[in-house]
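**Student:** After the structure tokens below, expect a handful of questions from me.
Read the figures in this text as sums done on the coordinates, not as results from a lab. No experiment lies behind these values; they were computed from the predicted model shown.
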Amino acid sequence: MMNNENRLVCAIYTRVSSQGQVEEGFSLEEQERLLIEHAEKQGYIIYDIYTDPGISAKDIAHRPQIQRLINDIKEGRINVVCAWKLSRTFRCLNELTTVMEVMKANNVIFDFKSEGILDLNTATGKMQAHILGVVAELERHTISDNVYMGMAAA
């Protein structure tokens, strides 16, 4: 979807994983502020902001706002998904791959403030997304292992 000024329309996605981060105001507001600033610098029109507060990125089934975002992609409402970084958005490579196919079919790109633009219609963009997805999934498993070890020690 391009508006009459031929500017790309973006969705902004923010997420933090714990209720403590939500309650302490850690990161959500800052992610949103910086992503709005980034979108404006890129000349994007902001369609909507999607926030999943205090929800793990281990899967998308339990995140209502990412589900709404995926639906808006399918409906052709946006061209760009802006987020802080891929690991804020996905921590499961299979789910990332599934969403990438939806994005590619609808000619939607990622624009991560941290990693830059990933055009899923190019081989390089797909490769970059997959590499970042593998790292994000590794990070999820590492965090899980550390939490389990800490709980076992307690």
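**Student:** Which residues' amide hydrogens lie under 5 Å from the amide hydrogen of Ile109, considering only partners 5 or more residues apart or on another chain, with H built in the peptide plane?
**Tutor:** Sorted by chain and number, the residues that satisfy this are Val80, Val81.
**Student:** Which values, in whole Å and largest first, are the semi-axes of the equivalent ellipsoid of the range 40-133 obtained as the square root of 5 times each eigenvalue of the Cα gyration tensor?
**Tutor:** So the equivalent ellipsoid measures 17, 16, 14 Å along its semi-axes.
**Student:** Under 21 Å between alpha carbons, and skipping anything fewer than 8 positions from Lys104 in its own chain: which lysines qualify?
**Tutor:** Candidates past the 8-residue exclusion: Lys74, Lys85, Lys113, Lys126.
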